[in-house]
Amino acid sequence: MLDQLLPVIFLFCVVIVFGVGMIALTQLAGFKAKKNLVKMMPYESGVPGQEAATTKVSVKFYLTAVSFILFDIEVVFLYPWLLVYSDYIKPHGAFLLGSMGLFVLVLVYGLIYEIKSGALEWD
Amino acid sequence: MGKDIFEVGINLAKVAVIFLMMIQAVPLLVWLERRGSAFIQNRLGPNRVGPLGLLQLLADAVKFIFKEQFIPGNAAKFLFLAAPVVALIPAALAFTAIPLSIPIQVEAFEMLGKSWGPYTFQFQGVKMDSGIIYILAVSSLGAYGLLLAGWASANKYSLMGALRASAQMISYELGLGLSIVGILMIYGTFDLNAMIDMQKGPLQFSFLGSEYVIPFLPNWGIFYQPLGALLFFICNFAESNRLPFDLPESEGELVAGFHTEYGGFKMLMFFMGEYGHMMVGAGLVTTFYLGGYLIPGLTEDTVRTLIATEVGAGTVANLLTALVFHVSFIVKLALLLWIFIWVRWTLPRFRYDTLMNLGWKTLLPWTLANAAITAIVLYFARGI
Amino acid sequence: MLELSNITLGHFILLSCVLFTIGMVGVLVRRNVIVILMSIELMLNAVNLAFVAFSRHHNLADGQVIVFFVMAIAAAEAAIGLAIAISVFRKFNGVEIRLFENLKG
Amino acid sequence: MDIYPIVFHFFAALVTISALGVVLMPSPIYSALCLALTMLFLSGLFFILDAQFLAAVQLMVYAGAVVVLFVMVLMLFDLRNENQPFSGNWRVNLSKLGVIALGFILIALPCTYLMKASNSEWLQSRGLETKKLAELLFSKHIFAFEVVGALLTVVLIGAIALAKAKGGTHARTE
């Protein structure tokens with residue numbers, strides 16, 4: 001079990017060393033321009049920006065993220081069910097199918113409610 | 001990781017080489033994309049630098065290193081520099097778990113006065129027991145690269161682009177997770193190597209107690225789960241922000257989305273992350289549905305005996321058979337990557353609400369239905 | 001007292017205590033509601049670690065099943081906590097904990 | 001298995017540092033990112049504890065979904081950094097820390113006893129793989145599994161109701 005984790009940690013370090021190394025290299029080797037204020041302003045495609053850079057952005061992303069979490073947990077519960085279903089399909093196939101069917105149906109009801117209530121509308 | 005220094009060294013070197021192979025694939029894919037798009041749009045594409053424009057890759061790499069590294073005004077400097085590296089990590093970690101070819105047996109040999117025992121090396125980064133679950137877990141960290149880049153460059157457009165890109169990425173991650181439920185149910189394991197072993201031989205399955213064998217079709221996953229394969233492939237487009245799902249980076253509306261303020265090598269690292277996700281997606285489709293490194297007609301032993309006649313049985317023969325199977329994996333990967341590029345230059349871009357509707361209102365129900373039908377059919381196939 | 005050579009159950013439980021205390025400090029000391037919610041997530045994760053350590057010690061998978069459920073509930077709690085925080089933010093344009101007194105009555 | 005302590009202490013140190021980062025960082029965005037790091041290193045600890053499936057689930061559910069929600073919401077609030085992140089003056093905080101330190105010592109004492117008592121042969125992986133977890137989930141804990149399904153739907157409907165309420169994100173009055 002450890003001999004699977006050590007190569008992953010090693011690769012994690014290799015990627016970080018590669019990334020930081022390349023960024024440091026390009027920072028040093030990069031062309032040095034004298035600081036001028038206009039270039040430092042956030043890119044507004046020519047139009048001078050009026051308010052602060054991070055004005056308030058509408059909050060409708062919240063619902064997508066919440067429904068993602070809840071359906072992600074459903075997906076995560078499906079994975080162990082896969083193993084059990086493919087192994088015990090002969091003796092307990094009906095029971096497993098029924099239990100997961102109920103679980104998925106309850107969540108499908110949640111999805112239908114969400115679609116019908118227009119929570120996912122991107123007006 | 002191994003009994004002695006040689007095996008540990010080879011295992012670690014293998015992981016690093018596969019990561020560098022993925023990094024090296026990026027300029028190649030960029031070149032393929034530019035030539036491919038030129039071919040589709042009936043123009044020539046880069047051909048000045050070197051034969052067929054192949055040295056264009058080198059020229060691009062050198063140019064990216066010496067470009068001015070610009071950091072916008074009130075950007076969060078540390079996060080701004082950290083974002084490209086964070087965008088690179090998930091794709092690299094995920095690609096190591098994909099099996100590239102058959103394991104290689106190395107006989108005992110003499111070196112530096114010591115006799116090193118026989119080894120078997122896996123022809124992949126690391127053989128994970130919970131293969132596909134590890135890959136899904138690591139690739140779910142992909143949203144952080146975008147969010148950091150959008151937030152750190154303190155620019156309205158890039159913040160909006162980052163939020164949209166990560167909202168799109170997490171919605172299609174659901175589709176990704178659910179679309180493989182069908183095929184995992186049939187294989188009944190998470191280990192990718194075991195899945196490939198199950199895809200050997202002609203197509204044979206049992207239904208309602210009686211066996212059927214179709215000799216001319218290979219036993220690949222795509223014949224069991226055609227819809228699942230299509231859904232998984234579509235979700236991979238969205239995961240790697242490829243067209244027609246790359247609206248957050250669309251030039252028209254959001255200037256360049258979350259990497260507006262980036263340039264030079266940092267921009268290239270975002271591309272590496274994107275192409276890395278593409279390669280992981282293509283590798284997974286090959287492993288699940290196209291039989292990984294298997295060649296339909298040949299089995300491992302026939303190829304080994306064929307090679308052994310010229311080279312003589314031993315480490316070299318094992319290495320060559322592994323290479324043969326690796327070439328078959330690369331051919332399938334290249335085919336799928338070409339489809340990625342081909343789709344990019346033919347299909348128009350989605351509008352954002354149709355994109356999200358597709359993700360939530362069509363893909364999610366379809367993948368759930370696919371999983372449900374597979375479960376019921378499997379119950380009749382194996383349960384009775 | 002601190003045995004570093006071979007790792008035993010106590011090391012994991014001690015680490016879980018450290019994490020739990022850090023989470024508790026976060027809840028008591030911070031003003032921003034979202035950081036308080038994060039500290040609660042930290043405390044829940046400390047409990048998860050203890051569960052997995054004990055399940056490994058007794059070689060029973062029950063601990064891991066409980067961690068499964070704790071994750072589901074923690075995610076649900078975070079979702080609802082943030083929903084309330086967003087509503088307060090839109091009304092009072094701030095997310096400090098003292099604004100939450102107005103929810104009374 | 002001599003490398004086991006090194007890996008454990010590597011992960012334990014990183015988890016503690018990033019957990020402290022969550023609490024002590026003035027700007028909430030940095031504390032949210034430290035929380036993501038904590039989840040990452042905790043999943044490494046789960047991996048060491050032979051709970052591979054849980055390590056992956058921890059990454060998928062926590063690091064990939066919950067903390068992404070936190071980061072998204074924080075980005076919507078665009079708090080660069082707060083003026084005074086810590087409540088009360090330093091004397092109040094000091095007394096709080098004193099109480100917590102006392103509580104911590106009370107909890108930590110039995111652990112040092114546990115260190116010597118428990119044998120160390122529990123390190124060899126004893127085949128506690130995912131299948132056993134899955135079988136138990138669908139045999140003994142089947143009722144809890146169905147209740148969690150109901151809980152998820154209730155939370156989904158609750159979140160939508162809260163969001164569509166007068167002050168909510170999708171309030172029609174906008």
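Among the residues of the stretch C:43-66, at least one is within 25 Å of D:Leu24 (Cβ to Cβ) and facing chain D (nearest Cβ under 7 Å). Within the stretch B:248-262, the presence of a residue that is closer than 21 Å to B:Leu88 by Cβ and at pLDDT 85 or above is excluded.
Counted as qualifying within the stretch B:106-187 are no strands (runs of 3 or more DSSP E), as none has 2 or more residues that are at the interface with another protein chain (Cβ under 7 Å from one of its Cβ atoms). With respect to the stated conditions, C:Ile84 fails to be modelled with pLDDT of 90 or more, among the β-branched types (Val, Ile, Thr), touching a helix residue (DSSP H, G or I) at 6+ places or on another chain (Cβ under 8 Å) and more than 30 Å from D:Cys111 (Cβ to Cβ). Close contacts from the stretch A:98-123, counting a first residue that is more than 7 Å from every other protein chain (Cβ to nearest Cβ) and a second that is crowded, with 16+ Cβ neighbours inside 10 Å, with Cβ to Cβ under 6 Å and a gap of 6+ residues or different chains, come to A:Met100/A:Trp81.
One line per residue, one yes/no per condition, for (1) assigned to a loop (DSSP other than H, G, I, E, B); (2) in contact with a strand residue (DSSP E or B) (Cβ under 9 Å, 6 or more places away or on another chain); (3) within 30 Å of B:Ile214 (Cα to Cα):
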{"position": "B:Gly283", "(1), (2), (3)": "no, no, yes"}
{"position": "B:Leu298", "(1), (2), (3)": "yes, no, yes"}
{"position": "B:Thr305", "(1), (2), (3)": "no, no, yes"}
{"position": "B:Ala308", "(1), (2), (3)": "no, no, no"}
{"position": "B:Asn318", "(1), (2), (3)": "no, yes, no"}
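Looking at the stretch B:67-81, is at least one residue more than 24 Å from B:Ser140 (Cα to Cα) and in contact with a strand residue (DSSP E or B) (Cβ under 7 Å, 6 or more places away or on another chain)? No: zero hits. The residue that is surrounded by the fewest Cβ atoms within 10 Å (Cβ to Cβ), counting only those in the stretch B:17-60 that are among the small types (Gly, Ala, Ser) and in contact (Cβ under 8 Å) with a residue 40 or more places away in the chain, is B:Ser37.
If you go through the stretch B:294-308 and pick out every residue that is touching a helix residue (DSSP H, G or I) at 6+ places or on another chain (Cβ under 7 Å) and closer than 11 Å to B:Lys200 by Cβ, you end up with 3. Restricting attention to the stretch A:67-93, the residues that are more than 9 Å from chain B (Cβ to nearest Cβ) and surrounded by fewer than 20 Cβ atoms within 10 Å (Cβ to Cβ) total 3. With respect to the stated conditions, A:Met1 fails to be at pLDDT below 80, facing chain B (nearest Cβ under 7 Å) and farther than 23 Å from B:Leu176 by Cβ.
Considering B:Leu323, B:Leu378, the condition of being among the hydrophobic types (A, V, I, L, M, F, W, C), more than 26 Å from A:Glu114 (Cα to Cα) and crowded, with 19+ Cβ neighbours inside 10 Å is satisfied by B:Leu378 alone. Does C:Ala85 meet the test of being more than 18 Å from D:Gly64 (Cα to Cα) and part of a helix (DSSP H, G or I)? Answer is yes for this residue. The lone criterion from (1) within 12 Å of chain B (Cβ to nearest Cβ); (2) surrounded by 24 or more Cβ atoms within 10 Å (Cβ to Cβ) left unmet by D:Leu45 is number (1).
Cβ-Cβ distances below 8 Å connect no pair with a first residue in the stretch D:89-114 that is more than 7 Å from every other protein chain (Cβ to nearest Cβ) and farther than 16 Å from C:Leu19 by Cβ, a second residue that is loosely packed, with under 10 Cβ neighbours inside 10 Å and at pLDDT 80 or above, and a separation of six or more residues or different chains.
The values are calculated or read from the model by the stated rules, or taken from the named source; none is laboratory data. The structure presented is a predicted model; accordingly, all values stated were derived computationally and were not measured. We place every Cβ from the backbone using ideal geometry, glycine too, and count neighbours over all the protein chains shown.
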